[in-house]
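The values are calculated or read from the model by the stated rules, or taken from the named source; none is laboratory data. Keep in mind that what you see is a predicted model, and the values were worked out from it rather than measured. Here Cβ is always computed from backbone atoms with ideal geometry, including for glycine, and neighbour counts include all displayed protein chains.
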Amino acid sequence: MTQRFSVLLLLLAGPALAQERPQITPTRDVAVTYRVSGEGPPVGEMRMSWLAARKLMRMDMPGGQGWVVLDTATGSAFMVMDSQRMVMDMPATGVSDRMTPNANARFTREGNARVANTDCVNWRMEEQGQVARVCMTGDGVMLRTESLGGQGPSRGLMEATAVAFGPQDAARFQRPAGYQGLQLPPGMPQGGPGGGLGGGLGGGGNMPRGTAIPPPGLTTPSR
């Protein structure tokens with residue numbers, strides 16, 4: 001009886017073990033600078049900061065295009081264009097869906113690594129025909145993500161070059177006062193080459209959810 005009970009426990013535990021997943025959002029404040037590249041022209045650097053207690057993420061895009069704040073708890077987001085003194089609300093599904101892996105995404109632990117002088121674990125992630133490798137710290141900081149191919153030619157790489165843990169200024173995550181408010185125009189694509197948020201690294205649209213940081217190639221709609 002004891003042996004049969006032990007076998008039953010192993011069978012029940014099997015699916016849970018197979019669904020091992022990394023922590024995907026930071027559990028403490030941190031700011032990370034990334035180097036971003038893809039198949040297209042060089043992209044440059046991107047800075048991302050997390051206000052962990054309030055579940056807020058700020059992304060400063062390359063080339064002074066602006067910055068985005070995402071509330072990972074509600075999925076709401078807004079984009080700020082300082083040069084134009086504009087702030088644009090983004091559809092909840094436009095950013096959060098690409099930043100959060102689907103419940104059906106499959107993760108496979110591949111081993112330990114070290115990026116930007118910080119320890120992390122490599123995970124192979126497969127979702128909807130796309131494959132990527134992400135290196136995550138134990139407290140949910142992504143240090144590297146790279147496309148490993150899939151349905152489409154797009155490939156991309158984003159790798160941390162500097163990691164700074166420490167309290168973040170909450171004011172940097174607030175909507176600026178006095179800016180003109182905009183809404184994303186109806187029908188504007190939220191992904192794909194040259195599209196809106198969630199299109200993938202280097203402007204491509206083939207990075208799996210959870211690894212496809214809003215593309216550096218994002219451009220604002222004309223007025």
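Things worth noting here:
- Selection of the stretch 123-145 for residues being surrounded by fewer than 19 Cβ atoms within 10 Å (Cβ to Cβ) and under 19 Å from V32 (Cα atoms) yields R133, G138, D139, G140.
- All positions within the stretch 115-131 that are farther than 24 Å from A52 by Cβ, touching a Pro at 6+ places or on another chain (Cβ under 8 Å) and of a type outside the set (V, I, T): E126, E127, Q128, Q130
- Residue tally, condition assigned to a loop (DSSP other than H, G, I, E, B) and either surrounded by fewer than 16 Cβ atoms within 10 Å (Cβ to Cβ) or at pLDDT 95 or above (or both), over the stretch 41-66: 3
- Going through (1) surrounded by 15 or more Cβ atoms within 10 Å (Cβ to Cβ); (2) closer than 28 Å to A177 by Cβ; (3) of a type outside the set (A, V, I, L, M, F, W, C); (4) modelled with pLDDT of 90 or more one by one, S96 falls short only on (4).
- The stretch 117-135 residues that are without any contact (Cβ under 8 Å) to a residue 24 or more places away in the chain, paired with ones that are of a type in the set (S, T, Y) and outside any strand (DSSP E or B) (beta carbon under 7 Å, 6 or more apart): D119/T137
- Flag for T72 being closer than 17 Å to C135 by Cα, at pLDDT below 90, polar (S, T, N, Q) and within 13 Å of the chain's Cα centre (by Cα): no
- Each residue in the stretch 133-165 was checked for being at pLDDT below 85 and at positive phi, and 3 pass.
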